[in-house]
1. Out of segment 433-452, which residues are of a type in the set (A, V, I, L, M, F, W, C) and assigned to a helix (DSSP H, G or I)?
2. Identify, please: which residue in segment 324-352 is charged (D, E, K, R) and buried (at least 18 other Cβ atoms within 10 Å of the Cβ) and is, among those, modelled with the highest pLDDT?
3. Can Ala127 be described as touching a Pro at 6+ places or on another chain (Cβ under 9 Å), modelled with pLDDT under 95 and over 21 Å from Met248 (Cα atoms)?
4. Of all residues in segment 181-197, how many are among the β-branched types (Val, Ile, Thr) and loosely packed, with under 14 Cβ neighbours inside 10 Å?
5. Part of a helix (DSSP H, G or I), at negative phi and without any contact (Cβ under 8 Å) to a residue 12 or more places away in the chain - does that describe any residue in segment 227-239?
6. With the checklist (1) touching a residue at least 12 places away in the same chain (Cβ under 8 Å); (2) of a type outside the set (Gly, Ala, Ser); (3) over 30 Å from Gly60 (Cβ atoms); (4) surrounded by fewer than 20 Cβ atoms within 10 Å (Cβ to Cβ) in hand, flag the one item Tyr399 doesn't pass.
7. If we scan segment 499-507, do we find a residue that is surrounded by 18 or more Cβ atoms within 10 Å (Cβ to Cβ), farther than 23 Å from Ala324 by Cα and of a type in the set (A, V, I, L, M)?
8. Given the conditions (1) more than 22 Å from the chain's Cα centre (by Cα); (2) more than 17 Å from Tyr388 (Cα to Cα), which single one is not true for Ala442?
Amino acid sequence: MQQKSTFAFILHQNHLFRLRSRDIIAKLAGQTAVYGLSSIIGRLLNYLLTPLLTRVFNQGDYGIITELYSYSGFFMVLFVYGMETAFFRYIKQAQQAERVYSTIMWSLLASTLLFTGLLTLFAPQIAALIQYPNHPEYIVWFAFILGLDALTAVPFARLRYEEKAWRFAGIRLFNIAVNIVLVLFFLVYCPAHAQHNAFIGELYQPHVGIGYVFIANLIASICTLLLLFPELLKIQLRFDAALWKQMMRYALPLVVVGFAGIVNEMLDRVILKYLLPYNMATNQAMLGVYGACYKLSILMSLFTQSFRFAAEPMFFSHSGTQSAPKLYADSMKYFVVAGMVIFMGVMFFLDFFQHFIGKSFREGLAVVPFLLLANLFLGMYYNLSIWYKLTNKTQIGAYISVGGALITILLNVLLVPWFGYMGAAWATLVCYAAMTFTSFLAGQHYYPVPYQTARIMAYMGLGTAMVIADHFWLVNLPNDLLAFTVRVAMLLLFIAAVYLHETGMLQKRGVG
């Protein structure tokens, strides 16, 4: 009887763990949806500028925009230097929450003043180095954009930690709205009214050109800082040097991770114009094509970012519970399922999504499937990276990211001269896949999580097989309506197959 009672108790506890995990997953999905409101809807609105920019500017000018924003990714890692993640790691103890927040913010304020000052001081030299000697103002504008964004990074993290997702989303959406309105004002309204309106004629200077894109961003960043003023007022006049040293020891390896991650994410757009075997004008134009087509992987990258915003604080907050490994495993599975639906949806209806960019940029559409899958692997890597953050083995995460960066550099150098921007897309996919696989193996050694690997691979294989079938066979269907119908049916078939399999497994376990 005692054994029966013990066994029943164990079953009951396991059942409770499963239910709790499902509740947490449901909450995570809700938080992801709210963060997605700011990221997906907001950045979709922002990305709707792409059709305008790829029609107002030529391939070469758009290539400059692509390149400079790629550089800003590298500098943003330097400006924040891992303090956002350190905030989540050290604020778990409520009694030191304000001490952690204030110490980090004073550190960021001092470093931001230093980095912004250096970039502004050496703006002419930096502009000449990247072959824009006539536009040092681009560097100055980006220096202030980076500084403002660095000062808002941890206040935004605080909103995530306090689960104020709606305030987070509202401020992000306002930032994007300001940016969009100003770009439309400078690039559409002003040129149309400059000759008939004296004030607009004085304000608008046609020679600024793409510079108005950066000016609009700068003004939007200023507005964001002002909206976060209530969070900034919570900074106390205290700086804990001992705590700061602890956080720096934790965060500095994450800077390596961050730099390596930006190498993996942005390097192709930074060095493409130097590796392509044509003249600089042609290389700049091809960079513009690649940058525009990269935007078609937006849905996957936005979904990944939204999930990360919601998952990171939740993963940390549940790290000490017995059900945490199952939570991480279930999160990965459902993330992959949702990611595959996005991958299939974009690829099945690429004829529609291609109108997102100007006609002259569509010659690079062949990179889209590789970039979509690359971003899916990146999201999987974000899921897996929780193990080295929880076990304080951030140096191993740094090694993995550096390894990925080396793969990115090597493959770009080898492939781009021969295959153009297609080589850059292949390099991105191989890099993220290798990082995901390596992190999985290392994580299972240091922090085992019961990921349902076979099932995840099966879902990815099924979705990819359907996309390949569409590419080679459905393209030959006699009319567009039939092709559309078959593609919708295939997408629904994938969703149904996943649903039936998942509900069947849950019923076998006696859940749901």
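1. Here is the first cut: in segment 433-452, the ones of a type in the set (A, V, I, L, M, F, W, C) are 433-435, 437, 440-442, 449.
Once the filter is applied, which keeps residues that are of a type in the set (A, V, I, L, M, F, W, C) and assigned to a helix (DSSP H, G or I), segment 433-452 yields Ala433, Ala434, Met435, Phe437, Phe440, Leu441, Ala442.
2. Initially, segment 324-352 is screened for residues charged (D, E, K, R), giving 326, 330, 333, 351.
When the remaining residues are screened for being buried (at least 18 other Cβ atoms within 10 Å of the Cβ), the result is 326, 330, 333.
Details: Lys326: 87, Asp330: 89, Lys333: 93.
So the residue we want is Lys333.
3. Numbers: touching a Pro at 6+ places or on another chain (Cβ under 9 Å): yes; modelled with pLDDT under 95: yes; over 21 Å from Met248 (Cα atoms): yes.
It is true that Ala127 is touching a Pro at 6+ places or on another chain (Cβ under 9 Å), modelled with pLDDT under 95 and over 21 Å from Met248 (Cα atoms).
4. Looking only at segment 181-197, we keep the residues that are among the β-branched types (Val, Ile, Thr), and these are 181, 183, 188.
Remaining after also requiring loosely packed, with under 14 Cβ neighbours inside 10 Å: 188.
Going through segment 181-197 one residue at a time, the tally reaches 1.
5. Narrowing segment 227-239 to residues part of a helix (DSSP H, G or I): 227, 229-232.
Add one more test, that the residue is at negative phi, and what stays is 227, 229-232.
Cutting the leftovers down to without any contact (Cβ under 8 Å) to a residue 12 or more places away in the chain gives us 229-230.
Yes, the conditions are met somewhere in segment 227-239.
6. (1)
7. So the first thing to find is which residues in segment 499-507 are surrounded by 18 or more Cβ atoms within 10 Å (Cβ to Cβ), and the list is none.
For segment 499-507, residues surrounded by 18 or more Cβ atoms within 10 Å (Cβ to Cβ), farther than 23 Å from Ala324 by Cα and of a type in the set (A, V, I, L, M): absent.
8. (2)
The values are calculated or read from the model by the stated rules, or taken from the named source; none is laboratory data. Nothing here was measured: the structure is a model prediction, and the numbers come from that model. Positions of Cβ are backbone-derived with ideal geometry, glycine not excepted, and every protein chain shown enters the neighbour counts.
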